[in-house]
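Computed from the coordinates by the stated procedures, all read-outs in this text should not be read as laboratory data. Please read these numbers as outputs of a predicted model, since none were measured by experiment. Because the Cβ atoms are built from the backbone with ideal geometry, glycine has one as well, and the counts that use them run over all protein chains shown.
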Amino acid sequence: MTPAVQAAVTEVEQSFPGHRLDVTPESQGGAYVIVHDLNLGGRYAPATSWIGFLITFQYPYADVYPHFVQADLKRIDGANLPSGFSGPIAWNGRQALQISRRSNRWTAGVDTAAMKLAKVLNWIRNV
Amino acid sequence: MDQKRVKKEWSLVMDERLYGELRAHLFPDDGDEHGGVIIAGLAETERGIRLLARQFVPARGGVDFVPGKRGYRALAGRFVAEVAGRCADDGLVYLAVHNHGGTDSVQFSHDDMASHLRGYPALLDITHGGPVGALVFAHNAVAGDIWTDDRQRHALHHAQILGLHPHRLYPEPLAVAKFIDPMYERQVRLFGEAGQGLLGDLKVGVIGAGGGGSLLLQMLARLGVGHLVAVDPDRMDITNYPRIVGARRRDIAWGMGTSKNRIIKLLGARLARPKVHVARRVAREANPRVRFDALYGNVVDAAVARHLIDTDFLFLATDTMQSRLMFNALVHQYLIPGIQIGAKVQADPGTGAVDDVFAVTRLVLPNSGCLLCNGAISSAQLQREALSEGERRRQRYIEGEDISEPSVITLNALGASQAMNDFLFISTGLLKPVQVEHILMSPRERTMERVRLQQEPGCPMCSLSPGSLYGCGDRGQLPCRQ
């Protein structure tokens, strides 16, 4: 992992205390990160899921997206998942739903992987 | 530091802004001495050791720059400790500066040299091995005494001032007498023997040896640039043939790569020449004396990028965002002026109808507003380019076959020509007073648009914000693949 990716992983760890983190370095210096047992709010079943993402080797200049959640996620009201969700697809050795939330104003040195995860989580809870 | 460093040439590089601040502080027309510190990064290669000025910290007269116990004036102990501490924390180089009278030559006084002997061993310890040193400026001259952690002392050969009107300062005027090849006689009439000699001394890097890069490399060789470094990870294919200057049928393996026979197709791909090898042949035909480093690899890889850190000028002629980010980092981390060129044909994905056709030339000087600040680097595309092809397909960033964008030699030539003239007139000192701008050319409308540049105060590459890469050289981290 590059020093910047390593620092990003540490920040995710500190920003989501109490949640298990799986970190798998990828060959170019980035890392696949999975944060477990995140509360998705009251609109989904199951109510919690892991969320995974790839921090690429050119982080912090590169955006962190898309994010992935477990493939069996559903709305409890029976409605379709909102646009922004797609899949399921194979991601990092598992089936997952893809959440594409690209940052149009990503600012290197200001935006971080932890902040992006918090924003994505907030979007999931409120969409 | 190892003993081999003793023989290397030491130089200082600083941008026009920093030099302006330094001159305004050292030479306020009061005839007195003034002082301060330059905080610098460092780049060490076989070509020499370049001190990369990041920041000038002026010493306030009577407070930070005070009457000395032995010499006329000295930096106050508290000021030295504070700035040296910052250098130690950031892994940067401490360079004390002051001025003497005179114009075109300058040297340290005996008192100066004695003070270095007394103080610099301790400063080396404080800064965890430095280097540390001193510079003394006259109006058009500079001398330096640099100390390394092996207690060796090194004289500064010259200082390079970067900008639209670059120039060098030496301890004393240089006697220059160079042989100029008669074939450059018509060029010498434009920029003189000194200008031609200067081009011959330059090391210029070109990232990308495809349609745009091949034009740049040929022109650089024909101008008489002495040392070229070309970087490209691709081999030739038949679709490159209409755009790459000097390409021969042999270079594309006589079109075997398009055969329907799988074996012949594979053979064709293997027999096709790397683009940098074609560029080398073309450059040597243009100038048999040129030194040409053909790097068949990707600039995103650290081992390849290292070959570019001591270039005097850098061109970018690729279409990947990853290499654009690397170029931007090299320009600002190693203080190398550069120009990015590109051409784009925007077509309707459904009908194929052409929407827009343009070529762009982006002059990127250290401290002029970088590609990140000016929206020329897409964080989303950086992320996508780091994915494997399989990941891109699964995540639907590639729909169907990967379709190449339109590309035409005349559009490449438009950007390359503007870029080469910018390079030539900047390097030879002939550029008129102008603004640093990006130039957008629309040949269908026969128009040219100038784009004023922005500079974000917190930019991690071109600002002086804490942790930024600006001027850090080897003490910073390039955004390379590991």
(request) Count the DSSP beta bridges whose two residues both fall in the protein assembly as shown, then state the antiparallel fraction as a percent rounded to the nearest 5. (result) 65
(message) Counting other C-beta atoms within 10 Å, and keeping those with at most 14, which DSSP coil chymotrypsin sites (Phe, Trp or Tyr not before Pro) do you find in the range A:91-127?
(response) none
(request) Express the relative contact order of chain B as a whole percentage, based on alpha carbon pairs under 8 Å and six or more residues apart in sequence. (result) 14
(message) With N set to the number of residues, divide the alpha-carbon radius of gyration of the range B:342-401 by 2.2 N^0.38 Å and report two decimals.
(response) 1.49
(request) Given a cut-off of 25 Å, name the pairs among B:275/B:344; B:8/B:203; B:275/B:432; B:178/B:203 whose C-alpha atoms lie farther apart than that in the structure shown. (result) B:275/B:432
(request) Hand me the chymotrypsin sites (Phe, Trp or Tyr not before Pro) from the range B:168-249 located in a DSSP loop with no more than 12 other Cβ atoms within 10 Å, in residue order please. (result) B:179
(message) If each DSSP helix of 4+ residues adds -39,500 (n - 2.57) and the sum is divided by the residues in chain B, what number results at 222 nm, nearest 500 deg cm²/dmol?
(response) -9000 deg cm²/dmol
(request) With unit charges on the beta carbon (Lys/Arg positive, Asp/Glu negative), name the residue among B:179, B:55, A:79 whose Cα is farthest towards the positive pole of the charge dipole of the protein assembly as shown. (result) A:79
(message) Compute, for the range B:405-451, the length of the dipole vector about the Cα centre, with Cβ point charges of +1 (Lys, Arg) and -1 (Asp, Glu) only. Units Debye, rounded to 20.
(response) 160
(message) Please give me, ordered by residue number, the trypsin sites (Lys or Arg not before Pro) of the range A:68-102 that lie in loop per DSSP and have at most 14 other Cβ atoms within 10 Å.
(response) A:102
(request) Return the calculated 222 nm mean residue ellipticity for chain A, to the nearest 500 deg cm²/dmol, obtained by summing -39500 (n - 2.57) across DSSP H runs with n ≥ 4 and dividing by the residue count. (result) -7000 deg cm²/dmol
(request) Express as a percent, rounded to the nearest 5, the fraction of DSSP beta bridges in the range B:1-87 (both residues included) that run antiparallel. (result) 70
(request) Name the residue farthest towards the positive end of the dipole of chain B from the options B:308, B:413, B:364, assuming +1 on Cβ of Lys and Arg, -1 on Cβ of Asp and Glu, about the Cα centre. (result) B:413
(message) I'd like the orientation of helix B:185-201 relative to chain B: the angle between its Cα long axis and the longest Cα principal axis, in ° from 0 to 90, rounded to 10.
(response) 70
(request) Could you bin all the Cα-Cα distances of the range B:115-220 into 5 Å bins starting at 0 and give me the percent of pairs in each, rounded to whole numbers? (result) 2, 9, 13, 13, 13, 14, 10, 10, 8, 5, 2, 0
(request) Throw me the Rg/Rh for chain B, computed over C-alpha atoms with Kirkwood Rh, two decimals. (result) 1.01
(request) Could you pull out which residues in the range B:360-388 have an amide N less than 15 Å from a spot 7 Å beyond the Cα of residue B:442, following the Cα-Cβ vector? (result) B:360
(message) Looking at the range A:54-108 only, what percent of DSSP beta bridges run antiparallel? Nearest 5 please.
(response) 90
(message) Just want to confirm a number: the relative contact order over the range B:256-387, from Cα pairs under 8 angstrom separated by 6+ residues, in percent.
(response) 16
(request) Determine one quarter of the surface area of the Cα convex hull of the range B:145-302, which equals its mean projected area, and express it in nm² to one decimal. (result) 13.7
(request) Find me the longest stretch of chain B that has none of the exposed GluC sites (Glu not before Pro), where exposed means in a DSSP loop (not H, G, I, E or B) with at most 14 other Cβ atoms within 10 Å. (result) B:47-398
(request) For the range B:307-373, compute Rh as the Kirkwood radius over C-alpha pairs and then the Stokes-Einstein diffusion coefficient at 25 °C and 0.890 mPa s; write the answer in µm²/s, rounded to an integer. (result) 187
(request) Work from the charge dipole of chain B (Cβ charges, +1 for Lys and Arg, -1 for Asp and Glu, about the Cα centre) and give the residue of B:466, B:45, B:351 farthest towards its positive end. (result) B:351
(request) Distance between Cα centroids, the range B:31-82 to the range B:402-450: provide it in whole Å. (result) 40
(request) Post the alpha-carbon centroid distance, the range B:106-163 to the range A:1-26, in whole angstrom. (result) 43
(request) Any chance you could list P(r) for the protein assembly as shown, counting all Cα-Cα pairs in 10 angstrom bins from zero, rounded to whole %? (result) 3, 14, 23, 23, 18, 12, 5, 2, 0
(request) Give a residue-ordered list of calculated ³J(HN,Hα) values for the range A:8-23 (Karplus: 6.51 cos²θ - 1.76 cosθ + 1.60, θ = phi - 60°; whole Hz; x for Gly, Pro). (result) 5, 4, 4, 5, 4, 4, 6, 7, 10, x, x, 9, 5, 10, 9, 10
